[in-house]
Amino acid sequence: MTIIARMFVGMRALLVLAGLSASLCSHAAFAAGNEGATLDAEIRAQQGIAQQTSRYVLAGDFERLEALHLRLNRPGERTPSGLWKLSIFYNQLRSFRTQVPDMNDWLEMQGQANQWQARYPDSVPARLLDVYVKLELLELTRAGRPLGKLKAVERRILDAYAIKAMQMLEDTRRLAVQANDPEWQRAMLNVAPYMRNMSADGYREKVREALARHPDYHEAYFTAALYSQPRGGGTRDGVARLARDASHAGGKESPSMYARIFWAMDQRAYQGRLFDAGGADWPSMRASFEHMVAQYPAAWNLNGFAYFACMAKDYKTMDTLVERIGPGLFPALWGAAGKATYARCLAHQAPAAARL
């Protein structure tokens, strides 16, 4: 079976929800009853973009991919919760790693990227797909190990992929600026840590560049947060420092970035322990969520706000939010334990993760 055939089997039901865990995606995709009806606009927005992107890639329909990118890369193209529709498009391009099992198949995917670039030489998404294929090859080579634990031959292979990815990014910089495409910054923040000469200070400078250029692009912050924690090469307070810096980056949505960053990191790393393991500050996070829901008062965001109020044991705020949410209560947005966490929160009992 070819890579395209394998991908087609998996992609028919694939839903990529930016910044959320796989278990949450499953709950959201198949929500029923009042929950599904209330969150339908958010689910449909995310699912529609993900499915369109997958369909066009699988068909090799680069013309429609270009048109979709052009439509999504416009100011104000957001889901009801405020997610960038463009980020869902790019997340879907990257999501093929869940369907592609080995390096040979990734090399075949490289052929898809090459064909797209041959048809549209100045295409930013075609070039960034090329970068992301190389990034996946980097991660396959690394296999989750610290860079210092790689064999010499593995490090040389990794260096070669990293250099090629960085060169493609530099060759695309001007086009990305012309297209005002913020995904270039996220791609840079993904590749930079693999460069041999990349210091912690050098990486922070690239983060500052991303903040200055596109202060409201959530996905760049989520990537920077992963590399700001100790196991990503950062420091113990790295995520908290990033969240504070992002909240003062000068964008229209900057005050909400503190909450968005820690929300994403709770899904990816902290699992309900962000106020101790992550160093999050509840008063700052509460103010950040208040800014977020003032701009995007979707049930999606209100559920997240209420969940974190429970994690902080601020039950007064949580109760107020639960009343405001009404029939839009959606337990799948209340952390990894979902319904159990929600039930304990409503009983004003600290969830298990918060008691650790």
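Would you check which residues across segment 121-153 are acidic (Asp, Glu) and open to solvent by 40 Å² or more (accessible area, probe 1.4 Å) and list them?
Restricting attention to segment 121-153, the residues satisfying the condition of being acidic (Asp, Glu) are 122, 130, 136, 139.
Scanning segment 121-153 gives ASP122, GLU139.
Can you name the number of the only condition in (1) over 20 Å from ARG78 (Cβ atoms); (2) assigned to a helix (DSSP H, G or I); (3) not acidic (Asp, Glu) that ILE261 fails?
Among (1) over 20 Å from ARG78 (Cβ atoms); (2) assigned to a helix (DSSP H, G or I); (3) not acidic (Asp, Glu), ILE261 violates only (1).
Mind checking which residues of segment 295-316 are within 20 Å of the chain's Cα centre (by Cα) and part of a loop (DSSP other than H, G, I, E, B)?
Hits for segment 295-316 are TYR296, ALA298.
In contact with a Pro (Cβ under 8 Å, 6 or more places away or on another chain) and on the phi > 0 side of the Ramachandran plot: which single residue out of GLY238, GLY232, GLY250, GLY279 fits that description?
On the way: GLY238 fails: on the phi > 0 side of the Ramachandran plot; GLY232 fails: on the phi > 0 side of the Ramachandran plot; GLY279 fails: in contact with a Pro (Cβ under 8 Å, 6 or more places away or on another chain).
Sole residue among the options that is in contact with a Pro (Cβ under 8 Å, 6 or more places away or on another chain) and on the phi > 0 side of the Ramachandran plot: GLY250.
Does GLU63 fit the bill of being part of a helix (DSSP H, G or I), at pLDDT 95 or above, among the acidic types (Asp, Glu) and open to solvent by 10 Å² or more (accessible area, probe 1.4 Å)? Reasoning before the result, please.
Numbers: part of a helix (DSSP H, G or I): yes; at pLDDT 95 or above: yes; among the acidic types (Asp, Glu): yes; open to solvent by 10 Å² or more (accessible area, probe 1.4 Å): yes.
Against the criterion (part of a helix (DSSP H, G or I), at pLDDT 95 or above, among the acidic types (Asp, Glu) and open to solvent by 10 Å² or more (accessible area, probe 1.4 Å)), GLU63 qualifies.
Taking segment 66-97 on its own, how many of its residues are surrounded by 19 or more Cβ atoms within 10 Å (Cβ to Cβ) and over 16 Å from the mean Cα position of the chain (by Cα)?
Here the count works out to 5.
Please verify whether ASP105 is at pLDDT 90 or above, acidic (Asp, Glu) and either assigned to a loop (DSSP other than H, G, I, E, B) or surrounded by 13 or more Cβ atoms within 10 Å (Cβ to Cβ) (or both), treating the condition exactly as stated. Give the steps one after another, and end with the answer.
Numbers: at pLDDT 90 or above: no; acidic (Asp, Glu): yes; either assigned to a loop (DSSP other than H, G, I, E, B) or surrounded by 13 or more Cβ atoms within 10 Å (Cβ to Cβ) (or both): yes.
Judged against the criteria, ASP105 is not a match.
Among the listed residues ALA309, ALA352, ALA332, which satisfies the condition of being closer than 20 Å to ASP276 by Cβ and at pLDDT below 90?
On the way: ALA309 fails: at pLDDT below 90; ALA332 fails: closer than 20 Å to ASP276 by Cβ.
None of the other options fit; the residue is ALA352.
Suppose we filter ASP171, ASP181, ASP159 for residues that are in a loop (DSSP other than H, G, I, E, B), touching a residue at least 24 places away in the same chain (Cβ under 8 Å) and more than 30 Å from PHE275 (Cα to Cα); which single one remains? If you could, list the steps in order and put the result at the bottom.
Details: ASP171 fails: in a loop (DSSP other than H, G, I, E, B); ASP159 fails: in a loop (DSSP other than H, G, I, E, B).
Being in a loop (DSSP other than H, G, I, E, B), touching a residue at least 24 places away in the same chain (Cβ under 8 Å) and more than 30 Å from PHE275 (Cα to Cα) holds for just one of ASP171, ASP181, ASP159, which is ASP181.
Results for (1) touching a strand residue (DSSP E or B) at 6+ places or on another chain (Cβ under 7 Å); (2) farther than 16 Å from LEU226 by Cα; (3) of a type in the set (A, V, I, L, M), shown as yes or no for each residue.
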residue	(1), (2), (3)
VAL124	no, yes, yes
PRO146	no, no, no
VAL153	no, yes, yes
MET168	no, yes, yes
ARG174	no, yes, no
ALA192	no, no, yes
ARG208	no, no, no
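Farther than 24 Å from LEU83 by Cα, assigned to a helix (DSSP H, G or I) and open to solvent by 10 Å² or more (accessible area, probe 1.4 Å): which single residue out of ASP276, ASP245, ASP319 fits that description? Quick ask: steps written out before the conclusion?
On the way: ASP276 fails: assigned to a helix (DSSP H, G or I); ASP245 fails: farther than 24 Å from LEU83 by Cα.
Being farther than 24 Å from LEU83 by Cα, assigned to a helix (DSSP H, G or I) and open to solvent by 10 Å² or more (accessible area, probe 1.4 Å) holds for just one of ASP276, ASP245, ASP319, which is ASP319.
Given the conditions (1) more than 20 Å from TYR132 (Cβ to Cβ); (2) touching a strand residue (DSSP E or B) at 6+ places or on another chain (Cβ under 9 Å); (3) open to solvent by less than 10 Å² (accessible area, probe 1.4 Å), report the number of the one that TYR217 does not fulfil.
Unmet for TYR217, out of (1) more than 20 Å from TYR132 (Cβ to Cβ); (2) touching a strand residue (DSSP E or B) at 6+ places or on another chain (Cβ under 9 Å); (3) open to solvent by less than 10 Å² (accessible area, probe 1.4 Å): (1).
The values are calculated or read from the model by the stated rules, or taken from the named source; none is laboratory data. On a predicted model such as this, the values are computed, not experimentally measured, just so you know. Methodologically, a virtual Cβ is constructed for each residue, glycine included, from the backbone with ideal geometry; neighbour enumeration extends over all protein chains shown. Quick note on the areas: whole protein, heavy atoms, side chains included, nothing else; ligands and nucleic acids left out. Shrake-Rupley method; radii C 1.70, N 1.55, O 1.52, S 1.80 Å.
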